[in-house]
Every structure is written in C-alpha cells, then in structure tokens.
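The values are calculated or read from the model by the stated rules, or taken from the named source; none is laboratory data. If you're wondering where the values come from, they're calculated on a predicted model, not measured in any experiment. So basically every Cβ, Gly included, is an ideal-geometry build from the backbone, and we count neighbours across all protein chains shown.
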Amino acid sequence: MALAVDETVLAVDLDDDVSESEVRAIAERHHVTLTPNSPMVGVDRVYLATVPTSEAARVLRGLSAESDVDAAEENREMRALFVPNDPMYDQQWGMQRVGLPRSSEVTCGRGATVAVIDTGVACENHGEFTRIPDLAGTRCLPGWNFVNDTAHANDDQGHGTHVAGTIAQTTNNQLGTAGVAFCATILPVKVLDARGSGSLADVAEGIRWAADHGADVINLSLGGDGHSKIMDQAVEYAHRRGVTVVCAAGNSGRSVGSPANAPLSIAVSAIDSGDQIAFFSSRGPEIAIAAPGVAILQQTICERGRNRCEQFASWSGTSMAAPHVAGVAALLYSQGVTDPDRVRSLLLAHSTPTAHGGSERELYGAGVVSASAASDGVLWSAGVTRAVMLLGLALVLALWIRSKKGELTFGWIVPAVVTGVGLFFLPQFVGHYVPGVEFAMRPAATWDVPLLGAHLHRWLPFANLGIVLALVGLGFSRPSLRSPIGGVALGTASFMLAELVMRTGFAPLGSLLYLGWIALNVTVCLWVARIGIDRKTR
C-alpha cells in the first residue's frame, strides 16, 4: 500500500515473550495500529505502525518508554551496497589476494552454512526462476522471502547471487568462477526487492530468522545511513546463538552505516587490486578488516532472473568485499571454530598488511583478510595444542599406572591419536580433497562437522562420555578391545581439554555449564582410559 506524503512507517521491536493482549494494549495507549512485519511475528515480535509524520517523534518517544518495547524507530530503507562496473576481467584477482588456492588445500568450508541476506539467490528452479549453472554444485538450503512472505528466496535483481558466488561458487567444475568456501552451504534470505531496496524491519527479521535456521555465518552486503538499535539487537540475537555476522561497511566514502556499525558485527571495507582503499568505501573506527571489493567477477542473473538469463559480471562495492570475509569465516567454522568472538579474533589476527604498507585502522581495520593464513593458522595451532594435550595426559596416565604397579599397553596409541589429534600435517603433502584425507587430517572428535554440520558441532556429538561409555558397554568385556577403547577415551579427554585451552567452541548453555560438562567428561574419560590402558586391570 502506498504511503501518503505526510505519513511515516515505524518499526517496533517488542520483547519476544510479549502476549497478544499486551501488544493490543500498547497499540491502544499510543493510538496506533501495530501490524505484523511478516508471518514470523510470533517468534520475533517485529511490528510496523503507520503514523502521521507530524506525530512520528511523539509516538516514537512514547513507544520507546514502554517496558515491553525493545526498540522503536523509523522503518528506514536499506539498500544493496554495490557499484556496477562494466569492464570484464579474465581472472578473479580477489581470490588470489585472499589466499586461494592455498586455503583450499586445508579446507573448502564443508559443514559450514552461510546465510546470504540480500536480494535472494538463484539456487533453485521455481516458476520463472532458475538455478544458475555455476551454483549447480553448491548446496542451498530452503530459505525465506521477507519481501513477498514466501519460502522461495529467488533473486530478481542479481546482487544476492553475485555475493553468494564469492562465498561458495561451485569450484573445480570447469565452468566460470571460484568461491572462497566452495564446499559451504548457502542459506538464502530475501529482504531486498528487484530494485535492491528493502526495509529495516525486514532485514532485522531476516537476521533473526537466519540465526534460528542453522546459519553459522551471516553476510549482509546491504545497509542504510545512521545507527539502528533494532539492527543492533538483531545482530546481538544472532551473536548469542553462535553466529558470526559480516557486514559491508557502506559505499558513502564517509562514515560506516547500519548494520555494519552494530557493536557485534564485522564491518568490511573494500580495497582495489593495488591494496588501496576504494574511493567509495566507508571508513571509521568501526572498520574491522578489509577485503577485495573492486572489479569482482562472479556469475549472476540478468533480466530479473527470467528467461534463463545469466551473466558473468564484474561489480564493485563493499558488498563485494564482505562475502570474501564471510567465506573465510565459513572456512574457520568448517575447521571446528564455532565461537563468533573467536572467529572474529582469528580473522583479524591472521589478516595481512597492505602491499603499500598503509595501516590506517579507519580504512583497513586490522588488515586484509587472508583465507590461507587463517586456515593454516587454525590447522597448526589446533593440531599442536591437541597433540601436546594428548602427550601430557598420556604421560600422567603412564605415571599413574606405574605408581599402582600396573602394566602399560600400547594398543591405545593409534585410537587416541585418531580421536584427539588427527594427522593435521597432511595438507603439507596432499590436499584435503583427496579421498579420505579430510577425515584423516582432523580428529575423529570433529568428524561431525563435515558429516552433520558446524552448527551441531557446538554440542560436541562425537566427543563426549556417551560415546566412550557406549564403547565400554559394547567391548570392555573383550580384553583385546580394552586398550583401543582406552585410547578413544584418552583422545576424547585430550580433545576436550584442548577445546577449553583454545576457546574455539561456542557454549550454547553458557560458560559455567560448559566448564562443568568438560570437567565431567574429562574425569570419566580418564577413568576409562586408566582401566583400559593398564593390562593388569583386565
């Protein structure tokens, strides 16, 4: 419905547990009609209110004073942040700048899910819309369309498909272009229309929806001017659920806009092929990291997604920079790093200096994102930490067994290494894509990541006392299996202690319960290991 020139639409974010009667009471007190922003209102309680422009400030003050109102503000327009650039390039300089193909020797992002909150993604055949060929091998989950309130997040503009390609374009398929995390899964969320525009309320709901539907990383290549409390709260909501939120800084050439200026988002600026800050890139203290954002080539749609129209387009903008960072974040999740604060610190710590030595933090943040440095860094730091933990616990157990006049067996060694450490050095000799290498290089305690997804890894389904006790029940009665089972128990204990030291795991139930759970698991696993490894206990 078209607005009258003297009307303003307000976005009102209520407490998630507010009742329908309380919603009506709030509306009556302020003489407004609160209409749901989308069918998701029962979960996120985001409403719209249309008021005379002359009354908007007064109504906002009144609504903001309500205890059941988290935030209320004008439902501003959010826009896709890209600048079309006609010339085509025969190579993707951005992929080389961030460290491909080296990073793909370590991980390709398998098990990680990235939500692309944008104009939609051309990754399904539905009605007049078709899946573009260079996303044919990329896994896409069912998404949501907040523009039309349907389950089909089809792209009718092209921006979202281009962004998704940078993150996870099908690679090594003898077609088109490559993606940073080409084994990652895309979760399409449409919040922008065919003009590349959308509302603050839709974007905020899109963030919450993605966080509740399995996203590990959210990419927001969009934004608006100023600051938004509603957007801050949506980003915080995602962060509390273990999601890393990556945002384009903006294309104003001035201050960073929303949602990139949310405290818990990762704001990304854009550089050109000479590592110079792009003239359009927004700047300020909120900038966390820089990434390639000028003349970025990917496959996308044309003719609004109809008639099977496809093109390889070279576009520029912080919209193109952000997905490079989102892709690298997905690589980290696929390596078992599930805590968003840790993901952020690793991205920044492993960023690289600019080629010209420029280091202004308001332009480049910590530096230029590096997929190779980040994935290599996690591979070696995690591998060495786990190996040291296993060696230390093995030494403690050996001394314990000797003090009890026991006899140490050696059948536990291989199961302990496989469970708790893995052959993490293998990528130095052979890529993870060689059959079997992806599992051999990682500890069995993290096999759930490629099999079940990084989102479930926070619960450590393959590293807990339940598996160890099940093995005890199934095989401890056979003397020949006791030592291998003891090795699995020891590997599990060392892995969990390493997780605690590295702080890579997200604690869905809070830090205190997380510590208690690890302590219980380590205690039980060490008890089983001590019995299994000591020959004289048989």
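A few points about this structure:
- Test for Glu55: is it buried (at least 20 other Cβ atoms within 10 Å of the Cβ) and not small (Gly, Ala, Ser): no
Matching residues to (1) of a type in the set (A, V, I, L, M); (2) free of Cβ contacts under 8 Å to residues at least 40 places away in the same chain; (3) in contact with an Asp or Glu (Cβ under 8 Å, 6 or more places away or on another chain); (4) more than 30 Å from Ala288 (Cα to Cα):
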site	(1), (2), (3), (4)
Ala394	yes, no, no, yes
Ile401	yes, no, yes, yes
Pro415	no, no, no, yes
Gln428	no, yes, no, yes
Pro450	no, no, yes, no
His457	no, no, yes, no
Asn464	no, no, no, yes
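- Helices (runs of 4 or more DSSP H) lying entirely in the stretch 272-387 (those with 2 or more residues that are surrounded by 24 or more Cβ atoms within 10 Å (Cβ to Cβ) and at pLDDT 95 or above): 318-334, 340-349
- Failed item, numbered, when Gln174 is tested on (1) without any contact (Cβ under 8 Å) to a residue 12 or more places away in the chain; (2) within 19 Å of Gly317 (Cβ to Cβ): (2)
- Candidate set: the stretch 101-121, residues that are crowded, with 24+ Cβ neighbours inside 10 Å and in contact with a Gly (Cβ under 6 Å, 6 or more places away or on another chain); chosen: the one farthest from Asp216 (Cα to Cα): Thr119
- Boolean, Gly392 is surrounded by fewer than 22 Cβ atoms within 10 Å (Cβ to Cβ) and either in contact with a strand residue (DSSP E or B) (Cβ under 7 Å, 6 or more places away or on another chain) or not in a helix (DSSP H, G or I) (or both): no
- From Arg24, Arg45, residue being over 32 Å from the mean Cα position of the chain (by Cα) and either surrounded by fewer than 18 Cβ atoms within 10 Å (Cβ to Cβ) or not assigned by TED's automatic domain parsing to the domain that holds Asp202 (or both): Arg24
- Some residue of the stretch 187-205 being touching a Leu at 6+ places or on another chain (Cβ under 8 Å) and hydroxyl-bearing (Ser, Thr, Tyr): no
- Filter pass, Leu264 being buried (at least 18 other Cβ atoms within 10 Å of the Cβ), among the aliphatic types (A, V, I, L, M) and under 20 Å from the mean Cα position of the chain (by Cα): yes
- Residue in the stretch 116-135 that is assigned to a loop (DSSP other than H, G, I, E, B), touching a helix residue (DSSP H, G or I) at 6+ places or on another chain (Cβ under 8 Å) and of a type in the set (S, T, N, Q) present: yes
- The stretch 475-501 residues that are within 15 Å of Arg530 (Cβ to Cβ), paired with ones that are among the basic types (Lys, Arg) (beta carbon under 7 Å, 6 or more apart): Phe476/Arg482; Arg482/Arg538; Ser494/Arg386
- For the stretch 403-428, the candidate set comprises residues that are exposed (fewer than 14 other Cβ atoms within 10 Å of the Cβ) and either among the polar types (S, T, N, Q) or under 29 Å from the mean Cα position of the chain (by Cα) (or both); within that set, the residue that is farthest from Ser375 (Cα to Cα) is Ser403.
- Residues satisfying the stated conditions in the stretch 126-162, i.e. surrounded by fewer than 24 Cβ atoms within 10 Å (Cβ to Cβ) and within 21 Å of Thr177 (Cβ to Cβ): Phe129, Thr130, Arg131, Pro133, Ala136, Gly137, Arg139, Cys140, Gln157
- Of all residues in the stretch 75-88 being in a strand (DSSP E or B) and surrounded by fewer than 18 Cβ atoms within 10 Å (Cβ to Cβ), the one that is modelled with the highest pLDDT: Glu77
- Arg102 vs. criteria under 29 Å from Ala440 (Cα atoms), modelled with pLDDT of 95 or more, assigned by TED's automatic domain parsing to the domain that holds Ala295 and not hydrophobic (A, V, I, L, M, F, W, C): no
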